[in-house]
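Data block below; observations after.
The values are calculated or read from the model by the stated rules, or taken from the named source; none is laboratory data. Owing to the predicted nature of the structure, the values given are computational and were not obtained by experimental measurement. Because the Cβ atoms are built from the backbone with ideal geometry, glycine has one as well, and the counts that use them run over all protein chains shown. Note: areas computed on protein heavy atoms with side chains; ligands, DNA, RNA excluded. Shrake-Rupley method; radii C 1.70, N 1.55, O 1.52, S 1.80 Å.
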Amino acid sequence: MLIVPEKEIANLMTREAAFDAVEQVFAAMASGDAYNFPVVREAIGHEDALYGFKGGFDRAGLTLGLKAGGYWPNNLEKRGLINHQSTIFLFDPDTGKTKAMVGGNLLTALRTAAASSVSIKHLARKDAKVIGMIGAGHQAKFQLRAALEQREFEKVIGWNLHPEMLPNLEEVAREAGLPFEAVELDGMKEADVIISITSSFDAILKADQVAPGTHIACMGTDTKGKQEVDPQLLVKADVFTDEVAQSISIGEAQHAVAQGLISEAEVAQVGAVINGTNPGRTSDQQITLFDGTGVGLQDLAVAASVVDLAVDQGIAIEVDF
Ligand code: NAD
């Protein structure tokens, strides 16, 4: 068995490798070659932690495994550890033997950023110039860095419930040599691409605050009850997702579907656009919305990729197990 510790991931994994891994696995999901297992998520009644498993099997990439982990809200204050903790386990699909154990914390941010980035590549207008960010926390920086590589953006605008966090976005914009402007939510009308990545439980962005032709990636809603945008925006938009079952139950589409505003059949897999079986964006006026709920196969795909890189570079630790 190979071990790739968390501390090695930053030097091994690139945004490009994460992007390729996630794009390929979304395509495999849409063509029926890869599927996710039902998600287990439990409040374990200890340290207020939420713990669970996200797994799946990619028959095309021969990746089998799971991510185990969750959220320990007291970690930072009590122990100086980050609150999100996860580990990815890969198994040999021919034998069931354990193949690798990989630190999953940084990989989670990279695979989540890769997902919105894949949606921007396939659904945003080619001439997109302004990117708007809603949310300025830990994930937002990864999201913005990856998104900026997809189009020739000229400006970053941002809104956050807690404005003191906006310098996080400004820092990433500066790294890319772009101007940053803090805006009110109405200011999002200027954006050609919007990413929302918050832990909100109420709609933040209203349907009339999004201009025609915009691509929006809703990345924060990954649990029942969470919400970032007005359900009417999903009525106006063509809706795409990583996995339909998650989108309508724990993703942004849960609200529009529960209210009878859209049906499950109106939510398409982004993988179908990658495979060319769904036309995706067909006009410059269309609003496209990607509901990124986060699937186990994304974790497995980036973990498999990082194991290959670790082996190539002689960094993987081999254990007789
Ligand atoms: P964080 O704690 O670092 O940042 C939270 C962000 O949400 C901040 O911008 C904060 O100002 C904002 N926020 C908090 N409460 C809010 C409210 N009531 N209304 C509006 N904004 C609010 O968290 P993070 O690690 O950046 O994660 C952000 C979200 O992304 C979380 O909901 C997390 O569960 C989700 N997430 C999704 C995926 C996925 O695959 N889709 C993966 C990882 C994380």
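Quick grid of which residues meet (1) open to solvent by 70 Å² or more (accessible area, probe 1.4 Å); (2) assigned to a helix (DSSP H, G or I):
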position: Pro279; (1), (2): yes, no
position: Thr282; (1), (2): yes, no
position: Leu289; (1), (2): no, no
position: Thr293; (1), (2): no, no
position: Leu297; (1), (2): no, yes
position: Leu300; (1), (2): no, yes
position: Val306; (1), (2): no, yes
position: Ala310; (1), (2): no, yes
position: Asp320; (1), (2): yes, no
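Are any of the residues in the range 243-261 away from the ligand (no atom under 16 Å from the Cβ), over 16 Å from Lys224 (Cβ atoms) and touching a helix residue (DSSP H, G or I) at 6+ places or on another chain (Cβ under 7 Å)? Outline the logic, then answer.
Of the residues in the range 243-261, the ones away from the ligand (no atom under 16 Å from the Cβ) are 256-261.
Imposing the further condition that a residue be over 16 Å from Lys224 (Cβ atoms) reduces the set to 260-261.
Restricting the remaining residues to those that are touching a helix residue (DSSP H, G or I) at 6+ places or on another chain (Cβ under 7 Å) gives 261.
Yes, that holds for at least one residue.
Out of all the residues in the range 195-228, which are more than 8 Å from the ligand (Cβ to nearest atom), farther than 17 Å from Val270 by Cβ and among the hydrophobic types (A, V, I, L, M, F, W, C)?
Correct list: Ala203, Leu205, Ala207, Val210, Ala211.
Every residue in the range 41-82 that is under 17 Å from Glu6 (Cα atoms), in contact with a helix residue (DSSP H, G or I) (Cβ under 7 Å, 6 or more places away or on another chain) and surrounded by 15 or more Cβ atoms within 10 Å (Cβ to Cβ), please.
Leu66, Lys67
Hand me the list of strands (runs of 3 or more DSSP E) wholly inside the range 77-152 holding 2 or more residues that are not assigned by TED's automatic domain parsing to the domain that holds Ile216.
Result: 84-91, 98-103.
Glu23 passes all but one of (1) open to solvent by 50 Å² or more (accessible area, probe 1.4 Å); (2) closer than 14 Å to Asn275 by Cβ; (3) among the acidic types (Asp, Glu); which number fails?
Just one mismatch for Glu23, condition (1).
With the requirement that a residue be open to solvent by less than 10 Å² (accessible area, probe 1.4 Å) and near the ligand (Cβ under 10 Å from one of its atoms), what does the range 115-142 give you?
Passing the criteria: Ala115, Ser116, Met133, Ile134, Gly135, Ala136, Ala140.
Would you call Asp33 among the charged types (D, E, K, R) and under 21 Å from Ala114 (Cβ atoms)?
Considered against the rule, which asks whether it is among the charged types (D, E, K, R) and under 21 Å from Ala114 (Cβ atoms), Asp33 comes out as yes.
Going by the conditions given, is Gly96 more than 11 Å from the ligand (Cβ to nearest atom) and surrounded by 21 or more Cβ atoms within 10 Å (Cβ to Cβ)? So that I can check it myself, show each step before the final result.
Working: more than 11 Å from the ligand (Cβ to nearest atom): yes; surrounded by 21 or more Cβ atoms within 10 Å (Cβ to Cβ): no.
Against the criterion (more than 11 Å from the ligand (Cβ to nearest atom) and surrounded by 21 or more Cβ atoms within 10 Å (Cβ to Cβ)), Gly96 does not qualify.
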